[in-house]
Structure formats: structure tokens, C-alpha cells
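Please treat every number below as a calculation from the coordinates, not as lab data. Fair warning: this is a prediction, and the values are worked out from it, not measured in the lab. When we count neighbours, we look across all protein chains shown, and the Cβ atoms used for this are built from the backbone with ideal geometry, even at glycine.
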Amino acid sequence: NLESGKGTNYTFRSLFTDQLVVTDAGKYYFFPINQDIPHNSFSETDFALDKSGIMHYQGADGNVKGELGIDVSRFQGDIDWKKVAAAGVKYAFIRVGSRGSSEGKIVLDDHFTKNAEGALANGLQIGVYFYSQAVNDDEALEEAKFVLDTIEPYQITYPVVFDLEKADQDQARTEAVTQDQFTRNTQIFCDTVKGAGYTPMIYGNLKSYTLLLDLTKLTTYDKWIAYYNVPQYFPYEFSVW
């Protein structure tokens with residue numbers, strides 16, 4: 001594998017098939033796949049990318065249905081939502097805001113209002129997400145309340161999502177936060193959202209679901225997995241890819 005150019009990630013993963021192999025900051029981590037966490041039932045051939053890069057489910061399970069959605073924030077600039085709807089997009093996850101990874105201030109995404117109004121006006125269903133950098137219980141609750149206050153005027157039919165990712169910068173305020181605290185932050189946010197009548201969901205990549213979170217304590221929440229290759233490497237249940 002190495003001589004053919006497939007790389008160390010592919011090689012390690014092909015050797016340690018009963019473990020999740022995750023890389024971070026030049027190190028390799030090996031997480032035994034936990035049989036107590038609900039698994040997805042997809043095979044390696046169930047999904048494929050078309051020529052335009054859009055994912056399609058091509059498996060045989062008639063109970064599985066795929067819908068095309070997009071994930072947007074201020075970084076996408078001004079969006080022509082009429083064109084989005086005409087392209088066949090059915091739903092959008094719209095960023096409500098984020099907490100700064102260095103100073104810790106909550107900031108509203110300055111395109112949230114126009115994105116929410118534009119998507120709804122053109123017949124899309126919407127969900128929302130918040131990029132968390134909470135370091136304790138109080139900040140997680142503060143983030144949930146900020147999101148709930150902001151989305152109150154809008155018809156949110158898709159989940160309200162807790163976005164947890166490892167901050168890239170060296171001086172991130174979350175650098176010393178433990179897995180137990182990250183997991184508790186997630187529970188507080190999701191339970192607060194659920195209590196307000198919305199469907200909570202967790203967004204993350206492989207690092208999020210292994211290095212940062214204890215998934216054994218989060219089995220009751222829907223998952224959104226960020227993974228950019230086929231086949232899917234995440235073995236556990238997910239609702240959004």
C-alpha cells in the first residue's frame with residue numbers, strides 16, 4: 001500500500017479493521033470500535049459521488065432516503081436562494097453564530113437573517129447550527145439560549161445542531177478542556193434544545209467523535225458526520241453526511 005502511494009492512513013486502517021484510526025497533530029490514535037454504540041448498516045458500495053461531486057445513496061434498503069441539502073454561513077457570501085431551490089436543494093443548515101476560540105465571545109453570523117429568510121421564502125426547510133467553543137457548563141447553556149432566542153421568529157423544521165470541532169490554533173481557549181467536559185457541554189446544549197421543542201443534533205468529524213466526545217453517553221442524539229471521501233469510515237449511526 002505504501003509503495004503504491006495509498007498512504008499511511010489507508011494502510012493503518014486496512015490493518016486495524018476493528019479500530020478507528022484517527023490522526024491529529026502528527027500522531028496516530030487507535031480507538032476500538034465499540035459494539036455498545038449503535039452502528040449504521042451501510043456497506044462500502046451504498047454511496048457514490050456523481051460527476052458534480054454530489055453524494056447519492058445507491059443501496060438496496062428501501063427504508064433509506066437521501067435528500068440534497070447544503071450547509072451555509074457568512075463564508076458563502078450572498079446566496080441566490082431562488083437558484084438554490086431550482087437546483088433541487090431541499091433543505092439548508094444555516095449557521096446561527098459561533099463562539100470565538102481565543103476571546104470566547106459569542107458572535108451572530110452576519111448572514112443568518114438573510115439566509116434564513118431567503119431559504120424559507122423559496123420553499124426550503126431549514127435547520128441551524130452553532131459553532132461551540134464552550135469551556136464549561138455555563139457557557140454551553142449560554143450558547144443554547146443564544147441559539148433559541150435567535151431562531152424563535154423562524155420555522156425551524158430540521159435539527160438544531162451543536163457543532164463541535166477541534167480548534168486549529170495553538171492558543172485556543174478549549175485546549176485544556178477534557179473529553180468529559182466536552183461531552184457534558186454537548187448534553188447540556190442538546191437537552192436545552194430538546195426542552196424547547198426542537199430536535200437536537202451533534203455535528204463533528206472523526207476527531208470530534210473520538211478525541212473530544214464520549215459517544216457512549218450521546219447515543220440518544222442524532223449525528224451529522226463530516227467525512228469527505230467514499231466509502232464512509234464512520235461505523236456508528238448517523239442521520240446526515
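Compute the Kirkwood hydrodynamic radius of segment 139-186, taking the inverse of the mean of 1/r over all pairs of distinct Cα atoms, and give it in Å to one decimal.
On the way: mean 1/r = 0.0785 Å⁻¹.
Kirkwood radius, segment 139-186: 12.7 Å.
Under 10 Å, Cα contacts only: if you run a Gaussian network model on the chain, which one of SER101, SER41, SER208 comes out with the highest mean-square fluctuation?
Answer for the Gaussian network model of the chain: SER41.
Would you tally the net charge around ASP214, using a Cβ to Cβ cut-off of less than 10 Å, leaving ASP214 out, and scoring K and R as +1, D and E as -1? Working shown, then result.
Numbers: positive: ARG184, LYS217; negative: ASP180.
Charge balance near ASP214 sits at +1.
What value, in deg cm²/dmol to 500, does the helix sum -39500 (n - 2.57) over DSSP H runs of n ≥ 4 give at 222 nm once divided by the residues of the chain?
Value at 222 nm, helices only: -7000 deg cm²/dmol.
With point charges of +1 on the Cβ of Lys and Arg and -1 on the Cβ of Asp and Glu, referenced to the Cα centre of segment 1-78, which listed residue (LEU15, GLY5, SER73) lies farthest in the positive direction of the dipole?
GLY5
For the chain, modelled as a Gaussian network with Cα springs under 10 Å, which listed residue fluctuates most, LYS217, LYS194, LYS65?
LYS65
Let me check I've understood the local charge: for MET201, count other residues with C-beta under 11 angstrom from its C-beta, Lys and Arg +1, Asp and Glu -1. What total comes out?
Here the charged neighbours net out to 0.
How far is it, in nm, from the label point at SER14 to the one at THR157 when both lie 7 Å from their Cα along the line to the Cβ?
The modelled label-to-label distance comes out at 4.5 nm.
In the Gaussian network model of the chain, springs joining C-alpha atoms below 10 Å, which of SER98, SER43, SER73 carries the largest mean-square fluctuation?
SER43
Looking at the square roots a ≥ b ≥ c of the eigenvalues of the Cα gyration tensor of the chain, which shape do they give, rounded for a/c under 1.5, prolate if a/b is larger than b/c, or oblate?
Oblate, because a/c is 1.5 or more while a/b does not exceed b/c.
Report the percentage of all Cα-Cα pairs in segment 1-102 whose separation exceeds 24 Å, rounded to a whole percent.
55 percent
Any idea what the dipole of the chain comes to, in debye rounded to 20, about its Cα centre with Lys/Arg Cβ at +1 and Asp/Glu Cβ at -1?
460 debye
Sort 125-138, 223-236 by the packing proxy (mean of other Cβ within 10 Å over each peptide's residues), most packed first. Provide the component values of the computation, followed by the final result.
Numbers: 125-138: 20.8, 223-236: 15.8.
Ranked from most to least packed, the peptides come out as 125-138, 223-236.
Please give the FRET efficiency for ALA48 paired with TYR228, using the beta carbon to beta carbon distance and R0 = 22 Å, rounded to the nearest 0.05. Kindly include the intermediate steps, with their values, before the conclusion.
Values: r = 14 Å, r/R0 = 0.64.
Computed FRET efficiency for ALA48 and TYR228: 0.95.
Looking at the P(r) of segment 22-164, how many percent of alpha-carbon pairs lie beyond 19 Å?
64 percent
Sticking to Cα atoms, compute the Rg of segment 137-231 to one decimal and its Dmax as the biggest Cα-Cα distance, whole number, in Å.
13.7, 39
Choose one of PHE189, SER102, TRP224: the residue whose Cα lies farthest towards the positive end of the charge dipole of the chain (beta-carbon charges +1 Lys, Arg; -1 Asp, Glu; about the Cα centre).
Of the candidates, TRP224 comes out farthest on the positive side.
With N residues in segment 91-184, what two-decimal value do you get for its Cα radius of gyration over 2.2 N^0.38 Å?
Working: Rg = 14.1 Å, N = 94, 2.2 N^0.38 = 12.4 Å.
Relative to the rule-of-thumb radius for its length, segment 91-184 sits at 1.14.
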